[in-house]
Structure formats: C-alpha cells, structure tokens
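What follows draws every value from the coordinates through simple rules; no lab data is involved. Small disclaimer: the values here were computed from a predicted structure and weren't measured. Neighbour counts are summed over all protein chains in view; Cβ atoms, including those assigned to glycine, are modelled from backbone coordinates with ideal geometry.
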Amino acid sequence: MFGYFSAAKRFLKSLSSGRRPGDRGRLIVRVVAREEANALVAAEIAALIRARTAAGKPCVLGLATGSTPTGIYAELVRLHREENLSFANVVTFNLDEYLPMGPEEPQSYHRFMHEHLFDHVDLRPGNTHLPDGMVPVGQVTDACAMYERQIREAGWVDIQLLGIGRTGHIGFNEPGSAADSRTRLVDLHETTRLDAARDFSGEANVPRTAVTMGVATILEARQVILMAFGEAKAAVVARAVEGPVTSAVPASFLQTHPNTMVVLDEPAATGLAR
Ligand code: PGA
C-alpha cells in the first residue's frame with residue numbers, strides 16, 4: 001500500500017516539474033572510461049546497500065543482463081570479497097528473460113545472473129527474482145501480474161541498472177512500447193535478434209518472444225542508471241538523450257524520470273550535440 005502512495009507522489013512531482021516531451025529533463029550524463037564507469041556505478045550501488053544495511057532496511061536492485069553491466073557485477077563481487085560488502089539485505093529483480101528459455105540453458109538470463117553475480121555474493125536465494133522463461137503462454141499474463149506485485153511488495157526498485165539496445169530498447173521494451181506499459185510478453189525486434197545471434201549460434205535459434213518489465217515499471221525506480229559503451233551505441237544514445245520523448249525510442253522515456261544518470265564511454269557519447 002505504501003508503495004502505491006510513494007509512486008503516486010513521485011508521479012505528481014514529475015507532473016509539477018513543468019517538463020515537456022523533448023526536454024532533456026534532469027538526465028545527468030557522465031562520460032568516463034569504461035573501467036571508471038564500472039567503479040563509479042558499483043560504488044553508487046555499494047553505498048546504498050551499506051546505508052540500507054546500517055538502517056536495518058532492505059535494498060532493492062533492478063538488474064540488467066548483456067555485455068554492458070558485466071564489469072559492474074565483477075566490481076560488486078570484488079567489493080564483497082575484499083571490502084566486506086554484504087548482499088544479505090539485498091533484493092533483486094531482473095528486467096527480462098527470453099521465452100521460452102529454461103533457467104539452465106547457456107543463453108538464459110537466470111544463468112547469466114548466477115555466473116556473474118548471484119553465485120559469488122551472499123544474496124539470499126529467495127531474494128532474487130527473474131521473469132520465468134518457462135511459463136506456458138496461457139499463464140504469462142498472470143505470471144507478469146505476479147512479478148509486478150512482487151516488485152510493489154518489495155517497496156519498488158531503489159536503483160535500476162539499464163543497458164540500451166540499438167533499437168532504443170530498455171529491458172526488452174522495443175520501439176512501440178508505451179510509457180504506461182507494464183511487465184508483459186513482447187515480440188523481439190529483428191535488430192535485437194540479430195544482435196543476439198552470436199550467443200545462439202545463428203539468428204534462427206534466437207527466441208522470438210520475451211517477458212520484460214514495462215516502461216512504467218522501470219520508471220517507478222527511485223534511481224535509474226543507464227550505461228552504454230562503444231561506438232555502435234552512439235546513434236541510439238543521442239536519440240534517447242537528446243531526441244524527442246517517443247515510444248519509437250523507448251529509452252527516451254527516461255528523460256521524464258526525476259533521477260536518471262546516463263554513464264557513457266567516449267565512443268558511445270560521440271553522437272551527443274551538447
Ligand atoms: P548489451 O545489450 O549490453 O549486450 O549491449 C544491451 C541491451 O540490449 O539492452
């Protein structure tokens with residue numbers, strides 16, 4: 001119940017900010033070397049985990065997969081091993097999972113999270129959440145509603161990590177995804193399937209569908225950190241950060257979020273005019 005009130009309060013605050021579609025909003029853009037980016041973002045996450053631990057409260061992280069966040073997970077594992085960072089009070093929700101996809105399959109995001117983070121820190125097994133890639137299609141709607149309910153009951157996401165796809169997707173919210181979209185079954189864009197082809201030994205093997213948190217679900221997070229590295233992301237980063245707010249580029253909806261940081265390396269920032 002409390003989550004509803006705080007979400008409503010944040011929504012009203014965003015309305016009163018006077019921003020219009022097309023405004024860059026309050027996006028904070030940092031351009032740093034990739035290693036520095038990883039250290040910066042991991043330090044931000046670690047500081048919040050420690051503050052919440054000290055206050056005896058849980059810390060809810062929204063997690064992303066793909067090549068972009070791997071360095072952050074490596075740094076978080078290092079902080080756990082070398083600097084006593086405990087994940088005992090951390091609750092996680094991942095953005096998305098392919099459908100169909102068994103949790104043990106090499107390309108599954110379940111497996112990715114175990115390999116890069118979950119198996120190396122003291123997260124409690126019941127505290128990690130990913131959409132179920134094995135849910136029968138007839139039960140997807142209920143499973144998505146349950147995922148939304150779990151996020152709400154956890155008190156919403158404190159820090160949401162995001163990559164960005166060349167289509168402008170965040171999670172698997174492909175072009176056409178609405179600002180008010182919630183966790184749901186989606187079709188993957190051809191470009192996204194092409195970009196995933198290498199992991200699946202060919203595009204034909206890439207699933208056509210996935211379950212993803214919605215744009216509105218992502219925008220509920222108190223803080224969002226979007227990262228992009230490399231020249232291949234420069235054009236879409238420019239559209240997301242400086243272009244109009246439009247469902248044609250779902251990442252552009254972050255311009256309406258009150259607390260989003262965009263962390264780029266030099267090559268990913270080359271399309272920015274400002
Ligand atoms: P990548 O994917 O991190 O592998 O570039 C990002 C995304 O598609 O969201």
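Quick rundown of the values:
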{"item": "Global form of segment 144-274, assessed from the alpha-carbon gyration tensor, a/c cut-off 1.5", "result": "oblate"}
{"item": "Stretchable slack from Glu115 to Glu44, in nm (0.36 nm times residue separation minus alpha-carbon distance)", "result": "23.4 nm"}
{"item": "Within-14-Å neighbourhood charge of Gly102 [Cβ basis; K, R +1; D, E -1]", "result": "-3"}
{"item": "Net charge, Asn205 excluded, C-beta distance under 13 Å - Lys, Arg +1, Asp, Glu -1", "result": "0"}
{"item": "Per-peptide average of other Cβ atoms within 10 Å, ordering 148-158, 206-216, 183-193 highest first", "result": "206-216, 183-193, 148-158"}
{"item": "Listed peptides 85-92, 245-252, 30-37, 173-180 by packing density, highest first (mean Cβ within 10 Å)", "result": "245-252, 85-92, 173-180, 30-37"}
{"item": "Arg274-Glu35 pseudo-label distance in nm [points 7 Å out on the Cα-to-Cβ vector]", "result": "3.3 nm"}
{"item": "Glu104/Ala235 FRET efficiency (R0 35 Å; Cβ-Cβ; nearest 0.05)", "result": "0.45"}
{"item": "Local electrostatic count at His169 - Lys and Arg +1, Asp and Glu -1, tallied over other residues with Cβ under 13 Å", "result": "-1"}
{"item": "Antiparallel content of DSSP bridges confined to the chain, in %, to 5", "result": "30 percent"}
{"item": "Calculated P(r) tail over 32 Å for the chain, as whole % of Cα pairs", "result": "18 percent"}
